[in-house]
Amino acid sequence: MLKQLPLVRISPEDYQFIEQTCRELLQEARHVADDDTPLYYPGGGYEACWTRDFCYMVEGAGHLMPPDEILGGIDYLLAGQRDDGAIPDRVGADGTPIYLVHGNQPPTDNAQFVVKIVDAYVALTGDFDAFMARRGRLYEAMEQVAHSDDGLVFIDPNHPHSSYGFTDVVAKTGKVLFSSLLYWEACRRLARLCAQAEYHEEAHDWYEQAERVINSLPQFYDEEYGLYWAASEDCRQLDLWGSAYAAVIRVASKRRARLVGQFFCELAEVATWRGHVRHLPVGEYWERLLSPIEPESYQNGAFWAVPTGWVAQVMATVDAGAAQQLISDVVEVWRTEGVYECISPYAPPRGRGYVASAANVLAVVRPT
């Protein structure tokens with residue numbers, strides 16, 4: 001696995017609760033496709049296997065899932081790959097792949113997520129042959145993602161469409177941060193897997209693509225606020241999730257990662273609520289949307305647990321106690337009210353039983 005920021009140490013009681021919560025949510029999320037393939041739905045009422053949600057389940061809670069069902073899920077998604085290499089956003093129980101969410105192009109993250117799932121599966125099982133048998137499909141998926149001249153994932157402002165799936169109603173355009181972070185990560189994972197297989201030329205190619213991305217990422221950075229912008233054109237706004245993730249996967253320098261951590265520690269009230277994290281600072285709303293979303297709700301102002309673990313990791317670089325408190329706060333909500341996709345002081349909670357919320361937290365914590 002690639003190096004990331006250290007895990008956050010929490011109490012054994014909280015760790016056991018989070019792990020057991022993931023186990024129960026995975027049981028609820030498990031369905032069987034028409035061809036008898038076990039599928040894992042996201043929870044929260046979403047009725048299909050979503051590529052990114054499945055990835056977060058495997059990365060965070062894969063040790064709680066049967067390995068053959070993980071591989072079966074990977075192949076179920078790959079069976080829906082288009083001739084141009086595009087990975088489906090989701091696939092239903094009847095095997096029908098869905099590529100588009102908003103706009104006339106697929107979201108810009110599905111290729112990266114399918115690479116990450118395969119890499120996570122190999123790390124869990126040691127089944128390196130699984131990568132070898134599927135690497136050509138992964139290459140085709142990655143080559144389908146549109147880029148700017150300097151290697152960043154790009155969305156034409158004249159033809160906006162979904163980018164990172166957890167902001168799929170947001171019309172980020174130009175160079176987009178989060179999908180570029182995922183692209184760097186997927187390139188590095190492919191490079192490492194290729195090197196392990198002694199495909200040195202292919203490994204070199206993927207390392208070079210990763211270098212192009214990381215060398216271009218500083219253009220998103222805002223020196224005044226110590227955070228990263230979400231995009232270069234529409235929605236050039238401070239991206240809380242993306243800033244934390246850039247620090248976690250260590251594409252941000254140590255100095256910049258620490259500044260991100262300081263922001264969350266010193267200005268927690270504009271970023272977090274009850275252990276959940278907003279996409280943008282409080283009072284900010286997305287400048288351009290692909291679908292109307294009321295302020296303070298869903299992806300336009302609600303608070304999510306999907307990035308809580310990442311934020312805790314960057315907070316821990318500055319204040320370990322604050323990081324532990326953030327995890328304690330989200331666990332308190334889960335103990336008393338259940339796990340949701342997102343919550344808001346101004347709108348009802350959305351998506352009860354949302355697996356990625358818990359799995360992403362489990363991925364970054366360990367008991368003391």
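Below are the figures for this structure:
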{"item": "Count of the range 117-157 residues which are surrounded by 22 or more Cβ atoms within 10 Å (Cβ to Cβ) and closer than 30 Å to R288 by Cβ", "result": "7"}
{"item": "Residue ranges of strands (runs of 3 or more DSSP E) in the range 1-99 with at least 2 members more than 20 Å from D168 (Cα to Cα) and among the polar types (S, T, N, Q)", "result": "none"}
{"item": "Residue in the range 12-20 that is without any contact (Cβ under 8 Å) to a residue 60 or more places away in the chain and charged (D, E, K, R) present", "result": "yes"}
{"item": "Every residue from the range 271-285 that is touching a strand residue (DSSP E or B) at 6+ places or on another chain (Cβ under 8 Å) and without any contact (Cβ under 8 Å) to a residue 60 or more places away in the chain", "result": "A271, T272, V277, R278, L280, P281, E284"}
{"item": "Tabulated pairs, the range 145-156, first within 13 Å of Q112 (Cα to Cα) and touching a residue at least 12 places away in the same chain (Cβ under 8 Å), second among the acidic types (D, E) and assigned to a loop (DSSP other than H, G, I, E, B), C-beta under 9 angstrom, 6+ apart or interchain", "result": "V145/D109; A146/D156; V153/D109"}
{"item": "Residue check for P88: surrounded by 20 or more Cβ atoms within 10 Å (Cβ to Cβ), farther than 22 Å from R192 by Cα and in contact with a His (Cβ under 8 Å, 6 or more places away or on another chain)", "result": "no"}
{"item": "Cβ pairs under 7 Å, 6+ apart, first in the range 353-367 and under 17 Å from G165 (Cα atoms), second at pLDDT 95 or above and among the aromatic types (F, W, Y)", "result": "Y354/Y340; A356/Y56; S357/Y340; A359/Y56; N360/Y56"}
{"item": "Only listed residue being within 16 Å of the chain's Cα centre (by Cα), under 27 Å from K254 (Cβ atoms) and hydroxyl-bearing (S, T, Y), chosen from T308, T317", "result": "T308"}
{"item": "Single match in D150, D222, D156 (criterion: of a type in the set (D, E) and touching a strand residue (DSSP E or B) at 6+ places or on another chain (Cβ under 7 Å))", "result": "D222"}
{"item": "Single residue of R258, R278 found to be within 20 Å of the chain's Cα centre (by Cα), modelled with pLDDT of 95 or more and charged (D, E, K, R)", "result": "R278"}
{"item": "Pairs, first more than 13 Å from A257 (Cα to Cα) in the range 218-229, second of a type in the set (K, R), C-beta under 8 Å, six or more apart", "result": "Q219/K175; F220/K175; W229/R236"}
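Residue-by-condition table, conditions (1) over 21 Å from V260 (Cβ atoms); (2) touching a Gly at 6+ places or on another chain (Cβ under 9 Å); (3) among the hydrophobic types (A, V, I, L, M, F, W, C); (4) assigned to a helix (DSSP H, G or I):
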{"site": "E287", "(1), (2), (3), (4)": "yes, no, no, no"}
{"site": "Q313", "(1), (2), (3), (4)": "no, yes, no, yes"}
{"site": "G321", "(1), (2), (3), (4)": "no, no, no, yes"}
{"site": "I327", "(1), (2), (3), (4)": "no, yes, yes, yes"}
{"site": "V330", "(1), (2), (3), (4)": "no, yes, yes, yes"}
{"site": "V333", "(1), (2), (3), (4)": "yes, yes, yes, yes"}
{"site": "Y340", "(1), (2), (3), (4)": "yes, yes, no, no"}
{"site": "P345", "(1), (2), (3), (4)": "yes, no, no, no"}
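The values are calculated or read from the model by the stated rules, or taken from the named source; none is laboratory data. All values reported here derive from a predicted model rather than from experimental measurement. Please note: Cβ atoms are built from the backbone with ideal geometry, for glycine as well, and neighbour counts cover all protein chains shown.
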